[in-house]
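The values are calculated or read from the model by the stated rules, or taken from the named source; none is laboratory data. Nothing here was measured: the structure is a model prediction, and the numbers come from that model. Cβ placement follows ideal geometry from the backbone for every residue including glycine, while neighbour counts extend to all protein chains displayed. Each accessible area value is taken on the protein alone, full model and side chains, heavy atoms only, with ligands, DNA and RNA left out. Shrake-Rupley method; radii C 1.70, N 1.55, O 1.52, S 1.80 Å.
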Amino acid sequence: MRKYFPCTTFVFIVFLCGCNNTVGKLEIKGKVVDDSTKVPVRGITIMIQAVEQTNEISKEVYVCDLQTDSSGCFAHTLQKVKNASLYIFSINGNPAYQPTDKFLGLSDLHSYGRFLTLEVSRITDLAIKINRNNNGPLRDTLIVSWETNGTEGEDFYPYRIVNYRINSQTGLIWIGGEVKSEIRTKVYADKNTIVHWELFRNGTHRHIFDTIFCKRDVANSIGLVY
């Protein structure tokens, strides 16, 4: 769920947006491109909302939906919303890319609204494999987490755990036993993902981390044997 702006922050943004007329129509044109390859992306949905400000209260007002054509381009006559100097372009609609929001002030739209370039980030598959291969006491505890391009993995994309031996009853924590599991998720493509492993064994605590550059259209995987 999107967080609303504090009033002081909103007023500052509106000040930066300029004092453009918030009534009337505005021609907008542009394209959506892959942020890594800069190649236009077709079939992307763009929902435009205006942030309307009245009596120190701001609310989001739906304006329209757009979709990029076969060339990754879009064009529309935008009906401006009265008392709105800030617009949100919510970019979604293609499962290969991460949804994102772009905030544009009315001054921006007046200045270069016919030459917009919106970027989207490609996502890709990642399997995190865990294998306990130890004959010692079954009191090991392993905690797994990861971050992709600086974003916490658990918050970035839903994950699924496949347990081939024992079942983990505590999310991303495995306690003792014969562990052979796999965490399946998605992360940013063509960017680094860092996996953190915290191992508690015989009263000691080890923090292990590993970095993987996850490529697009590849079954990326990384693992730990402990």
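Quick notes on this one:
- Candidate set from the stretch 81-96 (those that are open to solvent by less than 30 Å² (accessible area, probe 1.4 Å) and in a strand (DSSP E or B)); member that is farthest from Glu60 (Cα to Cα): Ile91
- Among the candidates Thr141, Thr77, Thr117, Thr68, the residue that is closer than 30 Å to Ser221 by Cβ and not acidic (Asp, Glu) is uniquely Thr141.
- One residue alone among Glu178, Glu152 is of a type outside the set (Gly, Ala, Ser), within 26 Å of Glu119 (Cβ to Cβ) and open to solvent by 60 Å² or more (accessible area, probe 1.4 Å), and that residue is Glu152.
- Pairs linking a residue in the stretch 164-182 that is within 15 Å of Asn131 (Cβ to Cβ) to a residue that is exposed (fewer than 13 other Cβ atoms within 10 Å of the Cβ) and modelled with pLDDT of 90 or more, with Cβ atoms under 7 Å and 6 or more positions apart or on different chains, are Ser181/Val162; Glu182/Val162.
- Residue that is nearest to the chain's Cα centre (by Cα), among those in the stretch 78-124 that are aromatic (Phe, Trp, Tyr) and closer than 18 Å to Val33 by Cα: Tyr97
- The lone exception for Thr22 - which of (1) part of a loop (DSSP other than H, G, I, E, B); (2) β-branched (Val, Ile, Thr); (3) at pLDDT 95 or above it fails: (3)
- Scanning the stretch 68-78 for residues that are polar (S, T, N, Q) and surrounded by 13 or more Cβ atoms within 10 Å (Cβ to Cβ) turns up just one, Thr68.
- Where a residue in the stretch 206-226 is assigned to a loop (DSSP other than H, G, I, E, B) and its partner, wherever it lies, is surrounded by fewer than 12 Cβ atoms within 10 Å (Cβ to Cβ), with Cβ under 8 Å and at least six apart: Tyr226/Asn133
- Number of the condition not met by Leu199 [criteria: (1) open to solvent by less than 70 Å² (accessible area, probe 1.4 Å); (2) modelled with pLDDT of 90 or more; (3) out of contact with any Phe, Trp or Tyr (no Cβ under 7 Å at 6 or more places or on another chain)]: (3)
- First in the stretch 100-119 and closer than 11 Å to Ile88 by Cα and β-branched (Val, Ile, Thr), second anywhere and open to solvent by less than 30 Å² (accessible area, probe 1.4 Å) and in a strand (DSSP E or B), Cβ under 8 Å, 6 or more apart: Thr100/Ser90; Thr100/Ile91; Thr100/Val120; Thr100/Ser121
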